[in-house]
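J.: Before I ask anything, let me first share the structure, which is written out below as structure tokens.
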Amino acid sequence: MNQIHRHILFTTIIGALIIMAFLSGKLIPDAAAAVNISQKNLAPSLQHLFGTDWLGRDLFCRTLKGLSTSLTVGVTASLISAVIATLIGIAAAMGSKIIDSLISWLIDLVMGIPHIILLILISFACGRGLKGLLIGIAATHWTSLARLVRAEVLQLRSQQYIAVSRKLGKSNRWILTHHMLPHLFPQILVGVILLFPHAIIHEAAISFLGYGLPPEQPAIGIILSESTKYLSSGVWWPAIFPGLTLIIIVLLVDRLGDHLKLLLNPHTAQEQEDTH
Amino acid sequence: MIEIISKQILKIILLLLAVSVIAFTLVTLSPVDPVQQYLLGAGAVSPAQRVQLEAYWGVNAPPLQRYLNWLCALLRGDLGTSLIYRRPVMDIIAERFSNSFALMMCAWLFTGIFGSVLGCIMGMYKDKMPDRIIKKLCYILCSTPTFWLGLIILLLFSVWLRWFPIGFSTPIGMLNSDVSIWQRLYHLFLPALTLSLVSFGNIALHTRQKLIDVLNSEYILFARARGESDRTLLLRHGLRNTLLPALTLQFASFAELFGGSVLAETIFSYPGLGSAVSAAGLNSDVPLLLGITLFSALFVAIGNLIANILYGIIDPQIGKGAGL
């Protein structure tokens, strides 16, 4: 089995695992994580793998449901971010000098406010809830990908085949859609996947602080924020297991991004192999 | 040099102005009614008094005028009065920042020292056992949410082992003036540990890469040929070439530091700026929220400024170019 086959195998396995986590959260009926006061604060056992919380809800089901919410929010926000990043990155590279410096100033501006503070502000502007969360995460995560796209387009623009294409009388738009975008697509795809863990972690953090999803929604941040109230009385399982599950998903997605990067971009495969 | 720095300061002022516009626009968009929020804490008020209050605050004025009023007050050093603490925002920021600053600097030092030491160990033992283990650890810590790590540390050290207090910056029931520096450090330790654990991975991986690059260079080969031992190689050549870039990276990471402190302070009920901004947003305390946002942007900008100046010192090529 050569390197490529190995990467394809890993990508498939990890992808399947993530999709399974997502689907199981969607497919578990609400009744499985329903309130059941007679079974509150039970330690982990075979019936309740992760134990139960202060309202007797099964934490394993609630964690899986929360995970699928997190994945949905993460995917949506990263996709919006990627679209913003692509548009802005291309505009910076193709536009005039003024647009370019304006955009790099804008990036400095967004990076100049700590993400959490900006997320709090945006969530506050939208009156909290899912909408504020999505807008907030999308609006704070595009900067690094935009820089990457800009650098990539600038490099492409100086390539000979682009110059030939231009001499042949092709318009800017034609060159963009036929030469640049196909080349950019894999980079953006990998960029999105690597954005994704940040998006999930920020989603959980902001829900934890009380700004994101409403408390009745199963979300990892909310489970963890509820767990803090019972921590001092020795109820440790609502804090540990949901958090561990989140980290495992984040690590899996990170790995997926790395394998895809190696698959899609053979040039950097050698050096990447070295750092991981 | 002075010309470059003054140019940078001008840039910071422009940036802060833009941050103030963005922050003000965002809070203006909010569906929360500030008068209603203010009255929640003030008890029963007749409609006439309410109208009077609205007129006094100028809530119904156009947003641009309100912004200019706020900006003029800001330039005079007046950020308004906080709704939840009922005190001038300036005082709260000053008081809480001293707490946060102590926390962030401890975490910052921890991160820098541990990060460089571990980075050097990884670089020296490249691809051997210590390198692999620490590298895995760094990657895992980089993917760990700050608030979860905080919870685990709280659970481990405060609930199970009972070594450290559950929260706050001073023992409960003591006057601020009676608290000794050791008690402060004792309360500061866990939040600082949390903050540094999530951020040291970056600096360690950076130092590792830098050190490997240095050790692969030809002057190291020559030094080895001269018979220098690993230890002197590291001390004479390795550290000099890795520490300063690491330091710049550290200064450039003030944004993550501040963001992390919001979460760490909330978990450990530490009375710093971070827990204040979270409370301000949840309780719709607009003046405090705006004040802290501006302040955090200033904090990040100063970190970046120092990083830029250090870049200039380390690399004379950048220092001479006007680009910076």
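Coordinate-derived values only; no laboratory data. It should be emphasised that the depicted structure is a prediction, and the values quoted were computed from it without experimental measurement. Backbone-built Cβ (ideal geometry, glycine too); neighbour counts: all protein chains shown.
J.: Picking from A:I80, A:I84, A:I107, A:I116, which residue would you name as being without any contact (Cβ under 8 Å) to a residue 60 or more places away in the chain and within 30 Å of B:F251 (Cβ to Cβ)? Spell out the reasoning first.
T.: Numbers: A:I80 fails: within 30 Å of B:F251 (Cβ to Cβ); A:I84 fails: without any contact (Cβ under 8 Å) to a residue 60 or more places away in the chain; A:I116 fails: without any contact (Cβ under 8 Å) to a residue 60 or more places away in the chain.
Selected residue: A:I107, the only one of A:I80, A:I84, A:I107, A:I116 that is without any contact (Cβ under 8 Å) to a residue 60 or more places away in the chain and within 30 Å of B:F251 (Cβ to Cβ).
J.: May I pose another question? How many residues does segment A:221-251 contain that are part of a helix (DSSP H, G or I) and either more than 9 Å from chain B (Cβ to nearest Cβ) or among the polar types (S, T, N, Q) (or both)?
T.: Quick first cut of segment A:221-251, residues part of a helix (DSSP H, G or I) only: A:221-231, A:237-251.
The next check asks that each one be either more than 9 Å from chain B (Cβ to nearest Cβ) or among the polar types (S, T, N, Q) (or both); those that pass are A:222-223, A:225-230, A:237-238, A:241, A:245, A:248-249.
Counting residues in segment A:221-251 that are part of a helix (DSSP H, G or I) and either more than 9 Å from chain B (Cβ to nearest Cβ) or among the polar types (S, T, N, Q) (or both) gives 14.
One line per residue, one yes/no per condition, for (1) away from every other protein chain (no Cβ under 11 Å); (2) closer than 23 Å to B:S275 by Cα:
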| site | (1), (2) |
| --- | --- |
| B:M124 | yes, no |
| B:D131 | yes, no |
| B:K135 | no, no |
| B:I140 | no, no |
| B:T144 | no, yes |
| B:F147 | no, yes |
| B:F157 | yes, yes |
| B:W160 | no, no |
| B:F164 | yes, yes |
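J.: If you don't mind, there's one more thing I want to ask. More than 9 Å from every other protein chain (Cβ to nearest Cβ) and out of contact with any strand residue (DSSP E or B) (no Cβ under 9 Å at 6 or more places or on another chain): does that describe B:E265?
T.: Judged against the criteria, B:E265 is a match.
J.: For A:Q47, all conditions in the list (1) under 24 Å from A:T140 (Cα atoms); (2) without any contact (Cβ under 8 Å) to a residue 12 or more places away in the chain hold save one; what is the number of the exception?
T.: Checking A:Q47 against (1) under 24 Å from A:T140 (Cα atoms); (2) without any contact (Cβ under 8 Å) to a residue 12 or more places away in the chain, the one that fails is (1).
J.: Please name all residue pairs, on different chains or six or more residues apart, with Cβ atoms under 9 Å, provided the first residue is in segment B:280-300 and is more than 7 Å from chain A (Cβ to nearest Cβ) and more than 25 Å from B:Q36 (Cβ to Cβ) and the second residue is among the β-branched types (V, I, T) and part of a helix (DSSP H, G or I).
T.: B:F295/B:I93; B:L298/B:I12; B:L298/B:V19
J.: Right, another one. Can you give me the ranges of the helices (runs of 4 or more DSSP H) entirely in segment A:83-183 with at least 3 residues that are over 26 Å from A:L71 (Cα atoms) and within 14 Å of chain B (Cβ to nearest Cβ)?
T.: Numbers: elements: A:97-112, A:115-125, A:129-140, A:143-157, A:160-167, A:172-175.
It comes to A:97-112.
J.: Continuing with this model, one more query. Given the options B:T25, B:T81, name the one that is over 30 Å from B:H206 (Cβ atoms) and within 14 Å of chain A (Cβ to nearest Cβ). Show your work before the answer.
T.: Working: B:T81 fails: within 14 Å of chain A (Cβ to nearest Cβ).
So the residue among B:T25, B:T81 that is over 30 Å from B:H206 (Cβ atoms) and within 14 Å of chain A (Cβ to nearest Cβ) is B:T25.
J.: Now for a different question. Please find, among B:V89, B:V117, the residue that is in contact with a strand residue (DSSP E or B) (Cβ under 8 Å, 6 or more places away or on another chain) and aliphatic (A, V, I, L, M). It would help to see each step written out before you state the result.
T.: Working: B:V117 fails: in contact with a strand residue (DSSP E or B) (Cβ under 8 Å, 6 or more places away or on another chain).
It is B:V89.
J.: Then there's this: Please state which one of A:S68, A:S78, A:S45 is within 14 Å of the chain's Cα centre (by Cα) and either crowded, with 21+ Cβ neighbours inside 10 Å or in a loop (DSSP other than H, G, I, E, B) (or both).
T.: Values: A:S68 fails: either crowded, with 21+ Cβ neighbours inside 10 Å or in a loop (DSSP other than H, G, I, E, B) (or both); A:S45 fails: within 14 Å of the chain's Cα centre (by Cα).
Only one candidate passes the filter, namely A:S78.
J.: With the requirement that a residue be among the β-branched types (V, I, T) and either touching an Asp or Glu at 6+ places or on another chain (Cβ under 9 Å) or exposed (fewer than 10 other Cβ atoms within 10 Å of the Cβ) (or both), what does segment B:48-76 give you?
T.: Kept after step one, since they are among the β-branched types (V, I, T), are these residues of segment B:48-76: B:51, B:59.
Within segment B:48-76, just B:V59 meets the criteria.
J.: If A:L209 satisfies every condition in (1) closer than 27 Å to B:S278 by Cα; (2) more than 10 Å from chain B (Cβ to nearest Cβ) but one, which is the exception?
T.: All conditions pass for A:L209, except number (2).
J.: Right, here's the next one. Any residue that is in a loop (DSSP other than H, G, I, E, B) and crowded, with 16+ Cβ neighbours inside 10 Å - is there at least one of those in segment B:92-115? I'd like the intermediate steps shown before the answer.
T.: Pass one, segment B:92-115, residues in a loop (DSSP other than H, G, I, E, B): none.
Taking every residue of segment B:92-115 in turn, none turns out to be in a loop (DSSP other than H, G, I, E, B) and crowded, with 16+ Cβ neighbours inside 10 Å.
J.: Please specify each residue of segment B:6-15 satisfying the condition of being at the interface with chain A (Cβ under 10 Å from one of its Cβ atoms) and either charged (D, E, K, R) or within 18 Å of B:N69 (Cβ to Cβ) (or both). Walk me through it before giving the result.
T.: As a first pass, look at segment B:6-15 and keep what is at the interface with chain A (Cβ under 10 Å from one of its Cβ atoms): B:11-12, B:14-15.
Answer for segment B:6-15, where residues must be at the interface with chain A (Cβ under 10 Å from one of its Cβ atoms) and either charged (D, E, K, R) or within 18 Å of B:N69 (Cβ to Cβ) (or both): just B:K11.
J.: Right, something else. Working only within segment A:146-172, note down all residues that are loosely packed, with under 15 Cβ neighbours inside 10 Å and closer than 26 Å to A:W105 by Cα.
T.: Listed by number, the residues that qualify are A:A151, A:L154, A:Q155, A:S158, A:N172.
J.: Please find, within segment B:226-254, the residue that is surrounded by the most Cβ atoms within 10 Å (Cβ to Cβ) out of those that are of a type in the set (G, A, S) and assigned to a helix (DSSP H, G or I).
T.: Going through segment B:226-254, the residues of a type in the set (G, A, S) turn out to be B:227, B:229, B:238, B:246, B:252-253.
From what is left, the residues that are assigned to a helix (DSSP H, G or I) are B:238, B:246, B:252.
Working: B:G238: 23, B:A246: 21, B:A252: 18.
The qualifying residue surrounded by the most Cβ atoms within 10 Å (Cβ to Cβ) is B:G238.
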